[in-house]
1. Taking A:A112 as meeting all but one of (1) more than 16 Å from the chain's Cα centre (by Cα); (2) open to solvent by 10 Å² or more (accessible area, probe 1.4 Å); (3) aliphatic (A, V, I, L, M), write down the number of the exception.
2. Among the candidates B:G202, B:G198, B:G180, B:G143, single out the residue that is open to solvent by less than 10 Å² (accessible area, probe 1.4 Å), of a type in the set (G, A, S), farther than 28 Å from B:D257 by Cβ and free of Cβ contacts under 8 Å to residues at least 60 places away in the same chain.
3. Filter segment B:82-104 down to the residues that are assigned to a helix (DSSP H, G or I) and either buried (at least 24 other Cβ atoms within 10 Å of the Cβ) or of a type in the set (K, R) (or both) and list them by number.
4. Please specify each residue of segment B:183-195 satisfying the condition of being touching a residue at least 40 places away in the same chain (Cβ under 8 Å) and open to solvent by 10 Å² or more (accessible area, probe 1.4 Å).
5. Which of the residues belonging to segment B:13-52 are open to solvent by less than 50 Å² (accessible area, probe 1.4 Å), small (G, A, S) and at pLDDT below 95?
6. Answer with yes or no whether B:L167 is open to solvent by less than 10 Å² (accessible area, probe 1.4 Å) and in contact with a Gly (Cβ under 6 Å, 6 or more places away or on another chain).
7. Within segment B:58-81, does at least one residue satisfy the condition of being more than 24 Å from B:S200 (Cα to Cα) and outside any helix (DSSP H, G or I)?
8. Take the conditions open to solvent by less than 40 Å² (accessible area, probe 1.4 Å) and either farther than 28 Å from A:L46 by Cβ or in contact with a Lys or Arg (Cβ under 9 Å, 6 or more places away or on another chain) (or both) and apply them to A:F263. Does it pass?
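The values are calculated or read from the model by the stated rules, or taken from the named source; none is laboratory data. Since this is a predicted model, take the numbers as computed values, not measurements. Methodologically, a virtual Cβ is constructed for each residue, glycine included, from the backbone with ideal geometry; neighbour enumeration extends over all protein chains shown. Ligands, DNA and RNA are stripped out before the accessible areas are found, and what is left, the full protein with its side chains, is counted by its heavy atoms. Shrake-Rupley method; radii C 1.70, N 1.55, O 1.52, S 1.80 Å.
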Number of protein chains: 2
Amino acid sequence: MHSSEALQQRVKQAFNSIALPDAPSNLYDPVAYTLSQGGKRLRPLLVIAACDMLNGDIEEAIHPAVGIEIFHNFTLLHDDIMDQAPLRRGKETVYKKWNSNIAILSGDTMFALANREIVKTRPDVIPELVELFNTTAIQVCEGQQYDMDFETQIEVTISEYLEMIRLKTAVLLACSLKTGAIIAGVSPVEQSLVYDAGISLGMAFQLKDDYLDTFGDEKVFGKTPGGDILAGKKTWLFLRLLEKGGDNRKKLLELYDQHSEMFPADKLGFFKAEFIAKGIPGEINDLIDTYYSAANESLEKLAVPAERKAVLLAIIESLMSREK
Amino acid sequence: MHSSEALQQRVKQAFNSIALPDAPSNLYDPVAYTLSQGGKRLRPLLVIAACDMLNGDIEEAIHPAVGIEIFHNFTLLHDDIMDQAPLRRGKETVYKKWNSNIAILSGDTMFALANREIVKTRPDVIPELVELFNTTAIQVCEGQQYDMDFETQIEVTISEYLEMIRLKTAVLLACSLKTGAIIAGVSPVEQSLVYDAGISLGMAFQLKDDYLDTFGDEKVFGKTPGGDILAGKKTWLFLRLLEKGGDNRKKLLELYDQHSEMFPADKLGFFKAEFIAKGIPGEINDLIDTYYSAANESLEKLAVPAERKAVLLAIIESLMSREK
């Protein structure tokens, strides 16, 4: 049984020991650049934490864990091309620093590298892991497509939005936990419990992101809040406001649009005030708590002594109490 | 033991029975469109022909065969974005028909679908197949990167060019044959022989493409020859001309450049005449024959009765005598 710090250290060490070829440099420099950006490394931590909790050997899980994180970074790289995002974690995106062709191709390479990491484990679990991983990858692509579709789709329901974030975000957290469980060799029922916990955690995680993007404390959050509002992104907050908007729906849609005629500061102030007036921050926090509790309940059902669950529960707790 | 026609029929049937989800349609319509374009289906044919030759069960190889072809189509889809190519096999490319974001994401989805097909076979061979497939995928990306690098790199040697086409084209044919061999359960030595045959075949195949692009018969070739010359693409023909150009190198580079000041018809006529005057068509055909013979020699060394090799040898022969 490992501490949370020991698990984080193991993930860090695994990333430090990734060796990439030197040539062609236009292919591998962007891959190395992307992998060196760091980030929370949440997904690989979930893989080995789940494996450890279920009495598995984390050394059998570390490569698949790295594979899932490489995949996650690949999706961000390609998303940045699609969104024409100039910055990621405060640094120039690959698409901006090099160009979009190089970003496409180095991303493709990362996806192949990810699959190669997935199979560096016990042979008997490989078929199941590869199937789970690539099915999840397809779902993530579906989620990204819905997200892009929603930009031009006027009527987006809250249930469509929740399905989109389930695909775009939650399934990969669920896949991470289930990968650890498969390697630990637990029963399909227990695999499903950790998968379900991952879905609930992912939903809570993304809704928390939505909340922080508008209501985060700038000093702690690390970037100016309000990006979603200024971009006219149809988040849960906005869709809920629309639901409550009654006859104002059309006006709200016009004002919220990315080509809105409002000045940025006015737009930000107006929508924050609207959200607060309609009690939406409280509602989203209730929803986050509901998902958070569901994640805990799934884990509680696992036939594992409570002390073994402590590390994973603490990781989840820290995600929920985060301010950035 | 199956006939060539039976194997082709099996590949065709496998592609006809691929079932894709309906939604999101902006993701799956481009995938279905791409897979419906057909093409030679050479790679899946090589997978099951190799498996059949080596006494394997082609039903165990058909899904991995489909996976390799889906991957190949994915690379074409992403290449078309990078090359900004409006047409592929006489039809609009995905990038042109939809847009580049949709082309990026549906391509990513195809890569995941491909990996999922690879693991639909006997569990004991899956680890080796996934490793081979993704290592090959990385090499194909490296080849594409070198190809893009060569556009702006003034000095490209023939050996650099041959290494580029080995990566971009040959390794996937080699991977196809080896995949069939692994599923047939033959020894590593025999796997290497078919892999080597695939490399030689791939080199011959790509050089034949280079030759036909300039010297193909328009009526048979199906498109106007000369595309490489007009685009200023550094093919074997041009690099060999440069080698033989002596003091004219600089002038030849200027005239051949994609921003050359020559009229298209003049440029085409000039370079065809230069190639012929320097005996280059004969040289490339000799080189193609050398690779073709090497492919045959690798297959001759296999400890399999000659009659079992007949189908694969006939497929290779038909590729070599093709006029399009």
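1. All conditions pass for A:A112, except number (2).
2. Values: B:G198 fails: free of Cβ contacts under 8 Å to residues at least 60 places away in the same chain; B:G180 fails: free of Cβ contacts under 8 Å to residues at least 60 places away in the same chain; B:G143 fails: farther than 28 Å from B:D257 by Cβ.
After applying the criteria, what remains is B:G202.
3. Residues satisfying the conditions are B:V94, B:Y95, B:K96, B:K97, B:I104.
4. Residues satisfying the conditions are B:A184, B:G185, B:V186, B:E190, B:L193.
5. Those that are open to solvent by less than 50 Å² (accessible area, probe 1.4 Å), small (G, A, S) and at pLDDT below 95: B:G38, B:G39.
6. Against the criterion (open to solvent by less than 10 Å² (accessible area, probe 1.4 Å) and in contact with a Gly (Cβ under 6 Å, 6 or more places away or on another chain)), B:L167 qualifies.
7. no
8. For A:F263, the condition - open to solvent by less than 40 Å² (accessible area, probe 1.4 Å) and either farther than 28 Å from A:L46 by Cβ or in contact with a Lys or Arg (Cβ under 9 Å, 6 or more places away or on another chain) (or both) - is not met.
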